[in-house]
1. Can you tell me which of (1) over 19 Å from the mean Cα position of the chain (by Cα); (2) outside any loop (DSSP other than H, G, I, E, B) is the one Ile81 doesn't meet?
2. Quickly run through segment 122-134 and pick out the residues that are in contact (Cβ under 8 Å) with a residue 24 or more places away in the chain and either within 27 Å of Asp25 (Cβ to Cβ) or open to solvent by 80 Å² or more (accessible area, probe 1.4 Å) (or both).
3. Might you check whether a residue that is of a type in the set (S, T, N, Q), out of contact with any strand residue (DSSP E or B) (no Cβ under 9 Å at 6 or more places or on another chain) and open to solvent by less than 60 Å² (accessible area, probe 1.4 Å) occurs anywhere in segment 14-24?
4. Please specify each residue of segment 136-173 satisfying the condition of being surrounded by fewer than 12 Cβ atoms within 10 Å (Cβ to Cβ) and among the β-branched types (Val, Ile, Thr).
5. So in segment 53-69, with the set limited to residues that are farther than 20 Å from Leu190 by Cα and hydrophobic (A, V, I, L, M, F, W, C), which one is surrounded by the fewest Cβ atoms within 10 Å (Cβ to Cβ)?
6. When you go through (1) over 17 Å from Glu105 (Cβ atoms); (2) within 19 Å of the chain's Cα centre (by Cα); (3) not in a loop (DSSP other than H, G, I, E, B) one by one for Lys65, which number turns out not to apply?
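The values are calculated or read from the model by the stated rules, or taken from the named source; none is laboratory data. It should be emphasised that the depicted structure is a prediction, and the values quoted were computed from it without experimental measurement. Using ideal geometry, Cβ is built from the backbone for each residue, glycine included, and neighbour counts are taken over all protein chains shown. The protein model used for the area step is the full one, side chains on, heavy atoms only, and it has no ligands, DNA or RNA in it. Shrake-Rupley method; radii C 1.70, N 1.55, O 1.52, S 1.80 Å.
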Amino acid sequence: LNVGSVAVYANRIFNLTDSDYYAKDNFGDKTIKDYTGKITFKDVCFGYDKNSLVLDRATSEILPKQTVAFVGESGSGKSTIINLISHLYYKTAGKIYFDDTQIEELSRDFIKNNIAVVNQFPYIFNMSIRDNFKIINPEITDEEIFALCKQTNILNHIKKLPNGLDSVIGENACQFSGGQKQKLCIARALA
């Protein structure tokens, strides 16, 4: 490693920590006491650069307890919509509402406590199944874990493991199929 490489790496680290280089998360301070689950997009635009929009005036409404699927080709904006809803990305135009409150007005805690994303390739920690749940909710009981696992149709697999909830599932759950990992992560997200 030469001095020039160290300088480049150090510069990258300082850019990450420099408050002026990257935009900081922008949250409000509101919460919605009786949030129904409705999410509305009104003329939402988003692009990774100024010349190419992934979303151009997208308008839609997700109603409470409604199941919604985003379907389309790679690059059509499916993941972008999820990242906008979970406030990981910032729209370039338009409005996103949770019930009747704009997303920018909502507190970080409200958004993080009401939105959970399970990716296509979910990560499970190299610890027991119970401990994977306790990371999310330290107060969760075994009965609550069983109920969530039953809801996502993974409970029967867990019951077949030699140590049940105490089974250490290995680095990234190598003992589970891809679908079983997703079911376990959905149950964990519900926790």
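1. Going through (1) over 19 Å from the mean Cα position of the chain (by Cα); (2) outside any loop (DSSP other than H, G, I, E, B) one by one, Ile81 breaks only (1).
2. Just the residues of segment 122-134 that are in contact (Cβ under 8 Å) with a residue 24 or more places away in the chain, to begin with: 122-124, 126-130, 132-133.
Selection gives Pro122, Tyr123, Ile124, Asn126, Asn132, Phe133.
3. Our first condition is that a residue be of a type in the set (S, T, N, Q); within segment 14-24, this holds for 15, 17, 19.
From the residues that got through so far, the ones that are out of contact with any strand residue (DSSP E or B) (no Cβ under 9 Å at 6 or more places or on another chain) too are 15, 17, 19.
When the remaining residues are screened for being open to solvent by less than 60 Å² (accessible area, probe 1.4 Å), the result is 15.
So far as segment 14-24 goes, yes, one or more of its residues are of a type in the set (S, T, N, Q), out of contact with any strand residue (DSSP E or B) (no Cβ under 9 Å at 6 or more places or on another chain) and open to solvent by less than 60 Å² (accessible area, probe 1.4 Å).
4. Residue satisfying the conditions is Thr141 alone.
5. In the first step, residues of segment 53-69 are kept if they are farther than 20 Å from Leu190 by Cα; the result is 53-61.
Pick out the ones that are also hydrophobic (A, V, I, L, M, F, W, C) and you get 53-55, 58.
Numbers: Leu53: 16, Val54: 20, Leu55: 20, Ala58: 20.
Among those that are farther than 20 Å from Leu190 by Cα and hydrophobic (A, V, I, L, M, F, W, C), it is Leu53.
6. Of the numbered conditions (1) over 17 Å from Glu105 (Cβ atoms); (2) within 19 Å of the chain's Cα centre (by Cα); (3) not in a loop (DSSP other than H, G, I, E, B), the odd one out for Lys65 is (3).
Let's see how each residue does on (1) among the acidic types (Asp, Glu); (2) at pLDDT below 90:
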{"position": "Ala7", "(1), (2)": "no, yes"}
{"position": "Asp20", "(1), (2)": "yes, yes"}
{"position": "Gly37", "(1), (2)": "no, no"}
{"position": "Thr80", "(1), (2)": "no, no"}
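Condition check ((1) touching a helix residue (DSSP H, G or I) at 6+ places or on another chain (Cβ under 8 Å); (2) over 22 Å from Leu190 (Cα atoms); (3) of a type in the set (A, V, I, L, M, F, W, C)) across all residues:
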residue	(1), (2), (3)
Ser74	no, yes, no
Gly77	no, yes, no
Asp99	no, no, no
Glu105	no, yes, no
Ile111	yes, no, yes
Ala116	yes, no, yes
